[in-house]
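Undergrad: Take a look at the following structure, please.
No value in this document is a laboratory result; all are computed from the given coordinates. Note that this is a predicted model, so its numbers are computed, not measured. Cβ coordinates were reconstructed from backbone atoms using ideal geometry, including for glycine residues, and neighbour counts include every protein chain displayed.
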Number of protein chains: 2
Amino acid sequence: MLIDALQCGHFDRAVFEELKRSGYTCVTPTLGFWEDTLESLDAIGRWRDMEREMGDLFLIARTTADIRRAEETGRVAVLLGYQNSNLFQNRIAYVELFADLGVRVVQLTYNNQNELGGSCYEEKDSGLSRFGREVVREMNRVGMVVDLSHVGDKTTLDAIEWSEKPVAVTHANAASLFPHKRNKSDDVLRALTRNGGVIGCVAYRNITPESACATVEGWCEMVARTVDIAGIDHVGIGTDYSHNTTQVDIDWMRKGRWTRSVQYGAGSAARPGKVPKPDWIVQAGQLASVRDGLSRVGFSAEDAEKILGGNWLRLYQAVMG
Amino acid sequence: MLIDALQCGHFDRAVFEELKRSGYTCVTPTLGFWEDTLESLDAIGRWRDMEREMGDLFLIARTTADIRRAEETGRVAVLLGYQNSNLFQNRIAYVELFADLGVRVVQLTYNNQNELGGSCYEEKDSGLSRFGREVVREMNRVGMVVDLSHVGDKTTLDAIEWSEKPVAVTHANAASLFPHKRNKSDDVLRALTRNGGVIGCVAYRNITPESACATVEGWCEMVARTVDIAGIDHVGIGTDYSHNTTQVDIDWMRKGRWTRSVQYGAGSAARPGKVPKPDWIVQAGQLASVRDGLSRVGFSAEDAEKILGGNWLRLYQAVMG
């Protein structure tokens, strides 16, 4: 089993052939960052067209049964996900409608505060708002994964507390291993553990230790240290791997339509542009090397399976059935 | 069985109690006239809230199996319908998405020409457009009823020809019985018959003969004359009954956002406002009196059942399964 809880960029046949060849069980692509309802529906339309064109390579999964069916038929399972809640356009009713259309993962905020709560980049995090509470419970009800990766610490803790189901940090690292606003404090990780949630460890250079970018063993060491904090049942993979991403995409991710200023996202003035992928995962297919890597840093086969996908599958089962 | 293929206005608990008490099997309310994608999604959200509040009275049906389930559990089945295709906002992908959300009936045009074709009130009817063809076939594929009631004659004939499944004129009368732009020529009715489609006879005063407004027998006589034209397997009920409709609603139906001028819809300068309901159907529940009426004008019990709902059910089965 190999589950990556967060990738982004442009998926095409070559991408899916590589994911399939490399043994991916399931991947969550990003269908939107700032997109509103109509644009988000358009993205679903595009993914359905892609599914019709590449049905030999992947299927859009709505349940863990679909993920197993994909595995049995030699295809990659895709969970439709958004890195922001703008798709709901302030309507509680749209949570259920988008769930009906197959959306299974929604991050409460992207890089900016929104109606639901504060982001990791805001100076002051409001915590989970009144509408945010409504959305979290509605996502619980309809079987959508609450993703807290880019969400501010206070809002994250509020959401963990408020959610009636396990929640996800699909793509972040432990801030105690690499201090960065995008990474999660030990307090957050321990709260996530109590909630039954899962954090996906990232392989994106801007928020990942140098040693974990240099070799797969280094990355697996980082995973082991994350397990020390969160526990073996609460750590998985969320690479943040981006396919075929251009500067136009990066500008959209960082600036959306909200600013004309220069924005660095997880980068900085010292490292403003597109950063090289970690040396050990230049191609998405190299993620398969994590299996050996986990073994070499001392994980048992059973524990490695949890990290490689077992923990995500348990969370998906709990949330979406 | 009692199926009304078109009602409009504001449905509330009192309405559904009356429909249930009067033995309605299935009704298609109008969720939108000019509404765009977002407004149409909002309408679905409201209907889902209503279903949660009044689940003892009705259910939203997606298949004929749902209609039977409603009957078995003493509830009214509701087919979600729109009297215009603006909900798709020019996107072929949205046909499937709205079908997934439970929409089962869409009229190609309301009173004005749109991207799909011409309306019954346009001086010149373009016929079914290139996008119109795409939408009809996509509606066929995803199991939506193509409704041609307010559609112009040429576009109607084109759509009948082009559709791979039976189509519907959910609410119109025969123009040879009451000449009006909203009513359908014998040519159209005969083409509908060849296609396996169904026309729903209307009980709306502006487009219905005076005799058919005066008594239920008069209306059933009109139905009998329609059967003479279209055949016993192709005539059903589509009252166009409006619940709790105000002048604001009528203005919206007639003028949408497209004009500041005075518009009469199916009315006229001589009869500009809200017209009284036919004498025999002041309350929607009185539709049940059609069963006796059909018998009194000479229909066998078997043929009456076809008109009362059997023909619609056959069409629904053919279209939506």
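Undergrad: At 10 °C and 1.306 mPa s, what whole-number value in µm²/s does Stokes-Einstein give for the translational diffusion of the stretch B:41-170, with Rh from the Kirkwood sum over Cα pairs? Before the final figure, lay out the partial values.
TA: On the way: Rh = 15.2 Å.
Using the Kirkwood radius from Cα pairs, D works out to 105 µm²/s.
Undergrad: Using the count of nearby Cβ atoms within 10 Å as a rough guide to exposure, how do B:163, A:295, A:40 rank from fewest to most? Could you put the intermediate results ahead of the total?
TA: Working: B:163 21, A:295 14, A:40 24.
By the 10 Å Cβ count, ascending, the order reads A:295, B:163, A:40.
Undergrad: Give me D for the protein assembly as shown in µm² s⁻¹, whole number, from Stokes-Einstein with Rh from the Kirkwood sum over alpha-carbon pairs, 37 °C and 0.692 mPa s. Don't jump to the answer; show the numbers that get you there.
TA: Details: Rh = 26.9 Å.
This corresponds to a translational diffusion coefficient of 122 µm²/s.
Undergrad: Here is a further query. In debye, nearest 20: dipole of the protein assembly as shown around its Cα centre with unit charges on the Cβ of K, R (+) and D, E (-)? Present the calculation step by step, with values, prior to reporting the outcome.
TA: Working: 74 positive and 86 negative charges, 115 e Å.
Dipole about the Cα centre, nearest 20: 560 debye.
Undergrad: Under the Karplus relation 6.51 cos²θ - 1.76 cosθ + 1.60, θ = phi - 60°, what is the ordered set of whole-Hz ³J(HN,Hα) values for the stretch B:307-315, x standing for Gly and Pro?
TA: The phi angles translate into 5, 5, x, x, 5, 4, 4, 4, 5 Hz.
Undergrad: Next question. Go through the stretch A:292-321 and name the trypsin sites (Lys or Arg not before Pro) that are in a DSSP coil and have 12 or fewer other Cβ atoms within 10 Å of their Cβ. If you can, show how the numbers build up before the last one.
TA: Numbers: sites: A:296, A:306, A:314; in loops: none.
Passing sites in the stretch A:292-321 do not exist.
Undergrad: Hey, how much of the P(r) for the stretch B:1-103 falls beyond 21 Å, as a percent of Cα pairs?
TA: On the way: 1634 of 5253 pairs.
Taking all Cα-Cα pairs of the stretch B:1-103, the fraction more than 21 Å apart is 31 percent.
Undergrad: Another question, then. Run the simple label-point estimate for residue B:52 and residue A:14 please: 7 Å along Cα→C-beta, distance reported in nm.
TA: 4.6
Undergrad: Counting partner chain Cβ atoms within 10 Å of every residue's Cβ in B:90-103, what's the average? Each step should come with its number before you reach the end.
TA: Values: counts 0, 4, 2, 9, 5, 1, 5, 10, 3, 0, 6, 5, 2, 0.
Neighbouring Cβ atoms belonging to other protein chains average 4 per residue here.
Undergrad: May I ask which residue of chain B has the beta-carbon nearest to the axis carrying chain B onto chain A, and at what distance in whole Å?
TA: In residue-and-Å form, the answer is B:100, 3.
Undergrad: Sticking with this structure for a sec: Averaged across the residues of B:57-66, what count of C-beta atoms belonging to other chains lies within 10 Å of each residue's C-beta? Don't jump to the answer; show the numbers that get you there.
TA: Values: counts 0, 0, 0, 0, 0, 0, 0, 0, 0, 0.
Partner Cβ neighbours, averaged per residue: 0.
Undergrad: Next question. Three principal axis extents, largest first, for the C-alpha atoms of chain B, in Å?
TA: Extents along the principal axes: 47, 42, 39 Å.
Undergrad: Ignoring everything except DSSP H segments at least 4 long, calculate the 222 nm mean residue ellipticity for the protein assembly as shown; use -39,500 (n - 2.57) per segment, divide by total residues, nearest 500.
TA: On the way: 26 runs with 254 residues, N = 642.
The per-residue figure over the protein assembly as shown is -11500 deg cm²/dmol.
Undergrad: Something else about it: Sorted from fewest to most neighbouring beta carbons within 10 Å, what does the list B:171, A:10 look like? Provide the component values of the computation, followed by the final result.
TA: Values: B:171 30, A:10 12.
Ranking B:171, A:10 by Cβ neighbours within 10 Å, fewest first, gives A:10, B:171.
Undergrad: Treating the beta-carbon of each Lys and Arg as +1 and of each Asp and Glu as -1, no other charges, what is the dipole magnitude of the stretch A:3-320 about its Cα centre, to the nearest 20 debye? Working shown, then result.
TA: On the way: 37 positive and 43 negative charges, 61 e Å.
So the dipole magnitude of the stretch A:3-320 works out to roughly 300 debye.
Undergrad: Most mobile of A:263, A:113, A:247 per a Gaussian network model of chain A (Cα springs, under 10 Å)?
TA: Checking each option, the largest mean-square fluctuation is seen for A:247.
Undergrad: Now for a separate question. Just want the ordering: B:261, A:211, B:129, from fewest to most Cβ atoms lying within 10 Å of their own Cβ. Don't skip to the end; give the middle numbers.
TA: Numbers: B:261 7, A:211 14, B:129 18.
The most exposed by this proxy come first: B:261, A:211, B:129.
Undergrad: Additional query: For residue A:146, what residues show an amide H to amide H distance below 5 Å, using hydrogens built from the backbone and excluding near sequence neighbours?
TA: Sorted by chain and number, the residues that satisfy this are A:168.
Undergrad: Under the 0.36 nm per residue contour assumption, what length would be gained going from the current alpha-carbon distance of residue A:246 and residue A:65 to full extension?
TA: Details: separation 181, 0.36 × 181 = 65.16 nm, distance 3.50 nm.
Stretched fully, the residue A:246-residue A:65 segment lengthens by 61.7 nm.
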